[in-house]
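Note sheet for the following structure.
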Amino acid sequence: MLNKFYIILIILTYSQSLNSQEKEKMVNDSVKIRKLEQVIVSATRVKRQFSSLPLPAQIILNKEIRTTNSIRLSDLLNEQTGLITVSDFGGGEGIQLQGLDSQYTLILIDGLPVIGRSAGTLDLNRINTGNVQQIEVVKGASSSLYGSEALGGVINIITKMPKDGLNSSLDYSLSTFNSQDLSFNLNTKIKQFGILFFINNHISDGYDLLDGDFQQTVEPFKNHTLNTKLTYNISEKILLTASFKNYIETQNNVVSKSLNGESEINEWTNLFKIDHSFNENIKSTFEFYTARYQAKEYLNDISGNLFSKSSFDQVLIKPELRSTFSLDKQNSFIGGIGLTSERIDRVEFIDTPKFNSTYAYIQYDGYFNNNTSLILGARFDNHNVYNSQFSPKAAIRVKINNNFSIKSSIGYGFKAPDFRQLYFNFSNATFGYTVLGYNAVSKIIPQLKSEGQLASIIVPISNFDNELKAENAISFNFGINYSPSSKFKLDINFFRNDIKDLIDTQVIAQKTNGQNVFSYYNIARVFTEGLELNSLWKINNNVAISGGYQLLIAKDKETEIQFKNGNIYARLNPSSPSFQLNSNDYFGLFNRSRHMGNIKIFYNIPKWNLETNLRVTYRTKYGLSDTNGNNSLDKYDNFVNPYSIWSMDVTKTLYTKYQIGYGVKNIFDFKDPQNISNIAGKIIYIKFNINL
Amino acid sequence: MKNFKLFILLTTAITGFNSCSEEEDAIQLLPVQTKQITNLHAPQSGGMGQPVSGDFVKFNFSTGETTTNDKEWDIAFRGTSIIVNGGTSLETIDEPNRTGKGAVYIASGTMASVTEIDTTLLTQDSESNYAILTGGGNGWYDYAGPPTHLISPIAGKILVFKTHDGLYAKVEILSYYKDSPSQPDAFKDGPNYYTFNYVYQPNKGIVIFE
């Protein structure tokens, strides 16, 4: 069926007249066109001038990835303003953006979703930065283009494409904890053919922050990434791309002295893509993307017999067809239709659920009066399980004068209930509580009741007749850009996200063993708001300083009311009596610092072919959990202390083809073993790079 | 949840007209007793998916001590469960029969702010539920779940009891771990060790704690 589709598409594309050169179209907001204009693709699905974008966005260039030797994506993102990675207790590290949890930021590679959120978090450490061209971060709801999950924003990792000539490179690094990373990149384009080949091998002994227990904080692991891309220009107008990626990770799995085994992740993605320029003004892309994520783990007891095993198997198929129509140099439209089909096989699910959704989107990108850019877009998602979603967005940027511009955007974002929230049927073997997905309640509760396991039903089953709603948000951004010269720029952005129908767990029944049965429901209303500031000062050709700051207030609206009404109490220490709290005592959501900042200094010494940098990130105190018996974070709780992390790198280039790098991450060896599991302490590395 | 509260309200409204209306001579009033009990150890067997068993540790407010007497006890502890000497047994293994007038409700407030007993809220144990519901967030404690598995008394929850002989006491549970550590560890610090403050009103028919 799909083969037929390809053939039709290819015939269709051939039958078009071929009479114009492919040219990158860009909207220019300035008379002078700088030679190296930065482009961003995540905001409009086509290469677009970054400087005139009406949305709050950041670009992390390949140069920064290279000079800071950020092998792990999480290292890199942690140093960006307003981004922080948070680890879940399963060990995955996810990103927090504008104060929103990691499940609300869509992670894309080349515009396509990365799957495998086994517990909501997408572990960023799975993504290797070795063949990354640039990383684009778009803040604010972006469901108008990307649908579910893009509630808080989008992080799009753009990988390299085959280029003219023959380029290859070999990278090796050795760092603390016996971590070794070896990459080989081959990139060539001969006439119509382009090939990109990337292979990476990473091994590490992991690390242990807490002595005296049988486990390490991170157990030894190894992983491999293989990525190949083939491109073929059928003509100047038609480009075929086939891309394949495979990631395998194995890690020791230790639960107790007597129980240990191994966990394995296996991930494949395939992309087939046709780009066709019908003429200067109309271009189409057809993409067929498939992804599979498998996670398996087992535990053996002391005599080597199998104690437990579990598996998670997710498959995604996503064809999409999109076209851009440029009316003229100032006005263009992009529209797309697509289908997402997804299924998960997991032991703890009531069946093998399938999600099917079809979607269509359209977006206008316009530029007028020589000073105003406008983006208007909307997307419609029709889903077989949850309610359909309509996600509009509008953004405007006005250039007041050559130095000064303002921009503002408003958008709707949503996150569909995930498979776990709908189909989970899990009973904890050790403690005896049960967690049921929303759609599993009507089936499992009567079953538990007939087995005599229920003492009482607290929420009647009829409450689960309606569908669980998608979590949704309205996000608003307002920003000011000030750039008095090419040497200095300052961006300030105010943001506010109002989230509704947040999915939380509640107790729905009590079991005869005294434990609860939990299920999911739409309840909470939460907001995050704050201010983000980014500045860059190029002192001269060799010295640049950048600084960033984020102020964040993130609160649950119901909890805020509870505090206001004096319904929340606390204790100073566990053996002292309770006292009443008021609104001023409410700190906000867990895991969020009020202030975060970073300063980076880049210093080049050309006569020695030396590039150096020094980077500091800082965050103020935050709470991890309630410590005084009221389930919310108040100023009498125990907080994780503020901390800063200092890092530096030196890279020397020899005979243009060779590079040697040395660096220290976390120079002052900051650690907080009790509270922060993903900060391993000081890491020293040395790396070698050869451009063949 | 609301329905459940309503249910409690209704049942107490129907069955709860048992407060004493006799006035005693004000001059003869006994002083209100305030005390702290530390490390009352109330372990349980089973649990974790298995049937729960083990003796309840019974407590008497007027003596301020634990007791093994089958009748003269007011409240009893086993694991995280607290029962009253009034109502019907849930009939778990080793559960004592109720012989007294005991009942309870959970008030929001501090020990100081709960000064008057609302006798209409008092509930007894029943064959379907203990009056103090079990499970995290339902009764007197929160359960943190993995990875800490901590049981923490909810701040601002005052347990108001009617004793087996129809008197009143209010209780604030402070800790579930041995020696009330400031940062308890559910795996290292012994669980099932109750530390609580209580105020006992030894005068019949008095519904205020003064």
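The values are calculated or read from the model by the stated rules, or taken from the named source; none is laboratory data. Values in this document were obtained by computation on a predicted structure and should not be read as measured data. Every residue, glycine among them, receives a Cβ derived from its backbone with ideal geometry; neighbour counts consider all protein chains shown. In case anyone asks, the SASA skips ligands and DNA or RNA and just uses the protein heavy atoms, side chains included. Shrake-Rupley method; radii C 1.70, N 1.55, O 1.52, S 1.80 Å.
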Give me the Kirkwood hydrodynamic radius of region B:85-210, using the inverse of the mean 1/r over all pairs of distinct Cα atoms, in Å to one decimal. 15.7 Å
In terms of Cα to Cα distance under 17 Å, which aspartates and glutamates are near enough to A:K443, apart from those fewer than 8 places away along the same chain? A:E348, A:D351, A:E451, A:D465, A:E467
Rg and Dmax of region A:55-159 over Cα atoms: what are they, in angstrom? 12.5, 35
Cut-off under 5 Å, modelled amide H: who pairs with A:S308 long-range: A:L299
From zero outward in steps of 10 Å, how is the percent of C-alpha pairs of region A:610-670 spread across the bins? 20, 27, 21, 16, 10, 5, 1
Could you grab the relative contact order for region A:362-402? Cα pairs under 8 Å, six or more apart, rounded to a whole percent. 37 percent
Please report, in whole Å, how far the alpha carbons of region A:570-657 spread along each principal axis, starting with the longest. 71, 23, 16
Cα Rg, Dmax, region A:390-532, angstrom units: 23.3, 75
Can you spot the aspartates and glutamates whose alpha carbon is less than 15 Å from A:K687's alpha carbon? Ignore those fewer than 8 places along the same chain. A:D171, A:D181, A:E611, A:D649
How fast does the protein assembly as shown diffuse by Stokes-Einstein, in µm²/s, taking the Kirkwood radius from C-alpha pairs at 25 °C and 0.890 mPa s? 80 µm²/s
Pairs from A:K489/A:K555; A:K189/A:K665; A:K564/A:K621; A:K607/A:K665; A:K160/A:K600; A:K47/A:K538 whose Cα-Cα separation, in the structure shown, is over 30 Å: A:K489/A:K555; A:K189/A:K665
Quick note, region A:467-527: a/c under 1.5 would make it rounded; otherwise a/b > b/c is prolate and the rest oblate (a ≥ b ≥ c, C-alpha gyration tensor); here it is prolate
So what is log10(I(q)/I(0)) for region A:201-250 at q = 0.14, 0.21, 0.24, 0.30 1/Å, when the Debye sum runs over its Cα atoms only? -0.57, -0.79, -0.87, -1.03
So the B/A interface buries, both sides summed and with a 1.4 Å probe, an accessible area in Å² (nearest 100) of 2400 Å²
Region A:496-505 - phi-based ³J(HN,Hα) in whole Hz, Karplus 6.51/-1.76/1.60, Gly and Pro as x: 8, 10, 10, 9, 10, 6, 4, 8, 10, 9
Can you tell me the 0 to 90 degree angle between the C-alpha axis of helix A:2-14 and the longest principal axis of chain A, rounded to 10? 20 degrees
Extending each Cα 7 Å along its Cβ direction at A:L339 and A:D213, get the distance between those two points in nm, one decimal. 4.7 nm
What shape does region A:223-378 take by its C-alpha gyration tensor, where a ≥ b ≥ c are the square roots of the eigenvalues and a/c under 1.5 counts as rounded, a/b above b/c as prolate, and the rest as oblate? prolate
So for chain A, averaging the separation of alpha carbon pairs under 8 Å that are six or more residues apart and normalising by length, what relative contact order in percent results? 10 percent
Residues of region B:105-135 losing 10 Å² or more of accessible area relative to the isolated chain, 1.4 Å probe, heavy atoms only? B:S108, B:G109, B:T110, B:S128, B:N129, B:L133, B:T134, B:G135
Let me know the shape class of region A:129-235, please: from the alpha-carbon gyration tensor, a ≥ b ≥ c as square roots of the eigenvalues, rounded when a/c is under 1.5, otherwise prolate if a/b is greater than b/c, or oblate. oblate
Given q = 0.14, 0.23 Å⁻¹, what are the Debye log10 I(q)/I(0) values for region B:41-81, with equal point scatterers placed on the Cα positions and solvent ignored? -0.33, -0.72
Cα-based helix-to-principal-axis angle, A:441-450 vs chain A, degrees rounded to 10: 20 degrees
Can you spot the aspartates and glutamates whose alpha carbon is less than 16 Å from A:K557's alpha carbon? Ignore those fewer than 8 places along the same chain. A:E471, A:D498, A:D501, A:D504, A:E529, A:D585, A:D634
Karplus ³J(HN,Hα) for region A:433-440 (6.51 cos²θ - 1.76 cosθ + 1.60, θ = phi - 60°; Hz, whole; x = Gly/Pro) runs 7, 10, 10, 10, x, 4, 7, 8
Karplus-derived 3J(HN,Hα), 6.51/-1.76/1.60, for each residue of region A:161-172, Hz, glycine and proline x: 10, x, 10, 4, x, 10, 10, 8, 8, 10, 10, 9
